[in-house]
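Trainee: The structure under discussion is supplied below as structure tokens; questions concerning it will follow.
Any read-out appearing in this document is the output of simple, stated calculations on the displayed coordinates, not a laboratory observation. Bear in mind that the values here come from a model prediction, so they are computed numbers and not experimental data. Cβ coordinates were reconstructed from backbone atoms using ideal geometry, including for glycine residues, and neighbour counts include every protein chain displayed.
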């Protein structure tokens, strides 16, 4: 009897874990605020040699955030 109870409990636990989560949808017709895109500038930094030829820094891109993303109406 105990084995049957444990088996049923185990099957109920598995069945509860396999159910699909509820999807929440947002209606685009509402006045929900939107997030604007940030303005990012990409700058190439050329390779450099420093400390009298002892240190070499490879060329790379540097990204500057000019305007952050903000909420809009």
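Trainee: With a 10 Å Cβ neighbour count serving as the proxy for reagent exposure, in which order, fewest first, do 41, 3 appear?
Mentor: 3, 41
Trainee: Return, ordered by residue number, the residues of the range 48-73 whose backbone nitrogen is under 12 Å from a label point located 7 Å along Cα→Cβ of residue 31.
Mentor: 73
Trainee: Further, regarding this structure: Grab the alpha carbons of the range 32-73, take their convex hull, and tell me the volume per residue in Å³.
Mentor: Normalising the Cα hull of the range 32-73 by residue number yields 64 Å³.
Trainee: State the extension gain, in nm to one decimal, for the chain segment bounded by residue 41 and residue 70, taking 0.36 nm per residue of separation less the distance between their alpha-carbons.
Mentor: Additional length available on full extension: 8.7 nm.
Trainee: With the crude spin-label approximation of a point 7 Å out along Cα→Cβ, what separation in nm comes out for residue 9 versus residue 48?
Mentor: Simple spin-label model gives 6.7 nm for this pair.
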